[in-house]
Amino acid sequence: MKREHAWRVFAMEYNDAMVSLKGEEKMAPSYVVTPLGSKVNRLFFVGVLTDVEVMSEDGSFVRAHVSDPTGVFTLFSGQYQPEMTEKLQSFDVPSFVAVTGKSRSYQPEDGDAMYASVRPEQIVEVTASLRDQWILETIIHTKDRIDAVKEASSMDTVTADALLNVGFYKPIAEGVSIAFDHYDRLLVEKYVQMLQDAVDYVSMGEQAEATTTKLEGSSSESGAGTEPKMPTTTVDEQDEEAEEIVMNVIKSQEGDDGISWDEITKKCEKEGLDDVRVDETLNSLMDKGLIYEPVLGTIKTT
Amino acid sequence: MTNENLNQHAQDILSRLDDQKKKAISAQEVAEELEKFLDYGVPVKQAKQTLLKKFGVNTSVPPGSVERTLLADLQPNTRNVKLVAQVVSINPKEIMVKGQPRTIFSGLLRDESGTLPFTAWDKPAMNEGDIVEIANAYTREWRGKVQLNFGNQVMIEQKEKDALPKETFEPKKVTINEITPLVGTVEMSAKVLSVEEKEIMVDEDKKTMFTGILGDSTGKIPFTAWEDFKLSKESTVHIKGGYVKSFRGMPQVNLDENAEVKKQKKQIKESDIPTRSLHLFELNNKQGMYDVSVSGRVIEIQQGSGIILRCPECNQVLREDGCRVHGKVDGIPDLRIKCVVDDGTGSVKTIMNKDQAERVIGKTMDECKQMNPEELHSLLNESLFARVVSMKGNSLQDFYGSTFLADTIEVVDEDVKSKVDHVRSLLEELE
Ligand SMILES: [Zn+2]
């Protein structure tokens with residue numbers, strides 16, 4: 001049996017999948033086919049582990065969620081993977097994790113719905129920087145598939161060979177030729193927007209980090225001098241004050257589903273914080289692990 | 001008919017007899033019987049047929065009653081295949097059948113339509129370079145490709161060179177990136193990047209051969225020369241009639257007495273010879289690649305990574321009960337990391353040796369020995385999991401996929417900021 005490679009797919013695209021392929025033979029691999037033509041048997045992603053829930057009394061079955069800027073992956077691990085099931089329960093939430101896992105799908109008998117989930121094979125705590133790298137890498141992979149879907153829509157008959165001939169990678173050519181029969185290609189626009197949002201998400205984090213580094217730099221400089229020109233506490237106090245305002249707004253409004261980024265900005269402006277300051281503060285709170293973003297644009301406390 | 005041909009036909013007949021009959025009769029006797037028929041003007045085919053029948057071989061499908069098929073037209077799961085082809089290569093191969101070692105033969109045939117690998121359960125009566133008619137072979141499907149098999153019913157008959165059209169023997173003009181194990185005979189220009197003289201024993205005779213690396217503007221490939229072509233390092237040569245053979249799953253250019261090798265004036269510059277950079281799915285498609293560079297993320301650190309013990313006699317990794325061959329021995333500790341590297345299009349397995357492992361985890365083997373296995377495994381994950389590694393080396397293909405033998409391996413720290421800009425410009429294409 002040939003080893004299956006791991007696809008880079010955002011949670012939104014993965015969860016949108018409505019097609020699964022099962023081999024006829026007993027040991028044949030099964031696949032979840034996504035709207036943009038990832039033919040997923042294995043996938044690799046980095047995101048925020050937001051919760052781990054024990055689903056059976058003896059602790060042999062757990063469900064966990066890992067969020068990326070576009071949505072949430074659902075992970076199940078059961079009695080046949082006792083080590084992984086135990087390991088999942090040992091993580092602090094939230095934390096950044098990288099996951100290699102197998103695709104799973106569930107179709108209730110009544111109705112057309114399909115639920116794609118992940119059986120984790122490997123899970124390791126990682127840094128925020130690796131999460132950003134994964135987002136950027138996954139944007140590039142997703143963009144390649146969007147290109148292939150667009151190319152396919154201009155073809156009379158869509159086959160893997162036809163896509164190979166115009167230069168698409170073999171795995172993409174195969175996957176898109178299958179997906180094309182099952183999905184409405186108008187969906188593409190939605191994913192183009194998803195990619196834009198995802199890159200904005202990363203650069204926003206980058207800017208916040210740059211600001212933090214600058215502040216840290218100035219405070220250590222002044223600390224080293226004999227005559228501090230400006231008391232460093234002022235900066236810290238201002239930060240603390242802003243953080244308190246923002247936290248209060250989130251706590252009072254988040255409910256079960258969290259509160260949108262825009263809503264926070266609006267509410268905080270009334271408290272005297274401009275939008276740049278709110279963005280900086282939200283990012284700093286996220287760095288401290290006090291809040292997280294379960295879905296792009298929505299904030300919850302941890 | 002020459003004696004040599006007569007002997008060859010006798011061998012053909014012998015090769016189709018069962019073991020008991022083979023012992024009862026010598027090649028000499030078969031040849032004499034055959035000659036009797038031939039002296040009476042019986043055509044060779046018919047004479048062989050008659051003899052086979054006499055020796056009790058089922059010849060219900062006589063050769064000649066089936067049309068010849070071109071290699072390119074062969075379908076899987078076909079019986080009674082008849083071909084006329086040249087033997088490009090033939091090699092013994094040791095396999096295990098029901099726990100017993102057994103030697104089978106595999107190689108490559110070519111005709112005017114292309115090339116095809118074959119497998120024979122017994123030594124077929126043919127040698128490299130021979131033109132042969134093969135009857136009663138059969139085909140199977142193996143990983144989506146047609147595989148030609150010679151069972152015990154196969155009949156092989158020597159042919160003259162004109163049995164195949166001239167174009168069959170014309171070498172194909174190729175660049176190194178176009179070379180696959182199935183390309184057959186090639187014509188190419190390349191620079192000799194290295195060459196080494198070796199003495200080997202062939203059938204108790206000492207023979208000199210030359211091995212090295214060739215390069216052109218598309219890549220590098222190993223070669224073996226069975227004659228002294230006075231190849232010297234740094235020279236650029238034009239090769240006509242080298243043939244490509246697969247060695248440990250990697251294509252290789254072979255130069256024998258049929259090859260023409262000339263120095264050419266137009267030099268290929270060493271700086272123009274690239275180490276090809278490939279996506280991992282490209283490795284999974286090919287049989288094996290020489291001197292390529294790849295990169296991907298570590299998506300699994302496998303069991304058997306960390307401190308291991310090796311047999312002092314044979315260097316094999318010890319199992320719980322000692323060495324498979326040498327039993328209980330005092331193992332020598334070693335450090336290695338077995339991992340799966342994946343770039344989202346394909347994946348390879350790779351094994352980092354002690355030096356590479358020490359460098360990527362920033363700890364010496366002695367420091368690792370102080371840690372318990374779980375601690376060490378966590379450290380390996382912390383240093384490598386989800387990180388990008390970039391490797392240079394060779395890839396081998398096996399049943400499960402590709403294995404990468406890395407000469408160099410580096411952990412790459414990607415700069416998020418500059419990548420954001422790159423990604424933004426990519427996304428502009430979508431609007
Ligand atoms: Zn040993």
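Worth pointing out:
- Pick from the range A:1-21, criterion more than 16 Å from A:Met114 (Cα to Cα) and assigned to a loop (DSSP other than H, G, I, E, B), ranking: modelled with the lowest pLDDT: A:Met1
- For the range B:220-231, filtered to residues that are out of contact with any helix residue (DSSP H, G or I) (no Cβ under 8 Å at 6 or more places or on another chain) and outside any loop (DSSP other than H, G, I, E, B), the residue that is nearest to B:Leu255 (Cα to Cα) is B:Ala225.
- Enumeration of residues in the range A:179-199 that are of a type in the set (A, V, I, L, M, F, W, C) and open to solvent by 40 Å² or more (accessible area, probe 1.4 Å): A:Phe180, A:Leu186, A:Leu187
- Residue-level check: of (1) touching a residue at least 40 places away in the same chain (Cβ under 8 Å); (2) open to solvent by less than 20 Å² (accessible area, probe 1.4 Å), B:Leu109 misses just (1).
- Count - residues of the range A:12-29 that are farther than 30 Å from A:Val192 by Cα and among the acidic types (Asp, Glu): 2
- Residue count for the range B:403-418 under the criterion of being at the interface with chain A (Cβ under 9 Å from one of its Cβ atoms) and open to solvent by 40 Å² or more (accessible area, probe 1.4 Å): the result is 3.
- Subset of the range A:55-95 that is of a type in the set (S, T, N, Q) and open to solvent by less than 30 Å² (accessible area, probe 1.4 Å) - its residue that is nearest to A:Pro294 (Cα to Cα): A:Ser67
- For the range A:98-113, the criterion of being of a type in the set (Phe, Trp, Tyr) and under 21 Å from the mean Cα position of the chain (by Cα) is met by none of the residues.
- Restricting A:Glu53, A:Glu24, A:Glu83 to residues that are out of contact with any Pro (no Cβ under 8 Å at 6 or more places or on another chain), free of Cβ contacts under 8 Å to residues at least 24 places away in the same chain and assigned to a strand (DSSP E or B) narrows the list to A:Glu53.
- Considering the range B:180-205, the residues that are of a type in the set (Val, Ile, Thr) and touching a Phe, Trp or Tyr at 6+ places or on another chain (Cβ under 6 Å) include one that is most open to solvent (accessible area, probe 1.4 Å), namely B:Val195.
- Taken over the range B:74-96, the criterion of being among the polar types (S, T, N, Q), assigned to a strand (DSSP E or B) and more than 18 Å from B:Asp162 (Cβ to Cβ) is satisfied by B:Ser89, B:Asn91.
- Any hit, the range B:345-355, residues being within 14 Å of chain A (Cβ to nearest Cβ) and more than 13 Å from B:Val298 (Cβ to Cβ): yes
- Exactly one residue among A:Ser103, A:Ser117 is away from chain B (no Cβ under 12 Å) and within 30 Å of A:Gly167 (Cα to Cα), and that residue is A:Ser103.
- Some residue of the range A:158-177 being touching a Pro at 6+ places or on another chain (Cβ under 6 Å), facing chain B (nearest Cβ under 10 Å), in contact (Cβ under 8 Å) with a residue 60 or more places away in the chain and open to solvent by less than 20 Å² (accessible area, probe 1.4 Å): no
- Summed over the range B:17-33, residues that are in contact (Cβ under 8 Å) with a residue 24 or more places away in the chain and in contact with a helix residue (DSSP H, G or I) (Cβ under 6 Å, 6 or more places away or on another chain) total 1.
One line per residue, one yes/no per condition, for (1) in a strand (DSSP E or B); (2) modelled with pLDDT of 90 or more:
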{"position": "B:Lys240", "(1), (2)": "yes, yes"}
{"position": "B:Val244", "(1), (2)": "yes, no"}
{"position": "B:Asn258", "(1), (2)": "no, no"}
{"position": "B:Ser271", "(1), (2)": "no, no"}
{"position": "B:Glu282", "(1), (2)": "no, no"}
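- Test: residue in the range B:271-280 that is open to solvent by less than 50 Å² (accessible area, probe 1.4 Å), within 29 Å of B:Ile179 (Cα to Cα), within 13 Å of chain A (Cβ to nearest Cβ) and more than 16 Å from the ligand (Cβ to nearest atom): yes
- Residue, nearest to the chain's Cα centre (by Cα), within the range B:377-402, restricted to residues that are within 8 Å of chain A (Cβ to nearest Cβ) and more than 21 Å from B:His279 (Cβ to Cβ): B:Phe399
- Strands (runs of 3 or more DSSP E) lying entirely in the range B:140-219 (those with 1 or more residues that are farther than 21 Å from B:Val88 by Cβ and within 22 Å of the chain's Cα centre (by Cα)): B:185-202, B:205-216
- Residue match in the range B:235-244 (condition: touching a residue at least 24 places away in the same chain (Cβ under 8 Å), out of contact with any strand residue (DSSP E or B) (no Cβ under 7 Å at 6 or more places or on another chain), surrounded by fewer than 18 Cβ atoms within 10 Å (Cβ to Cβ) and of a type outside the set (D, E, K, R)): no
- The set of residues in the range A:56-84 that are touching a Ser or Thr at 6+ places or on another chain (Cβ under 6 Å) and within 23 Å of A:Leu136 (Cα to Cα) comprises A:His65, A:Ser67, A:Thr74.
The values are calculated or read from the model by the stated rules, or taken from the named source; none is laboratory data. This structure is a prediction, so every number in the text was calculated from the model and none was measured. Cβ atoms come from the backbone with ideal geometry, glycine included; neighbour counts cover every protein chain shown. What goes into the accessible areas is simple: the full protein's heavy atoms, side chains included, and nothing from ligands, DNA or RNA. Shrake-Rupley method; radii C 1.70, N 1.55, O 1.52, S 1.80 Å.
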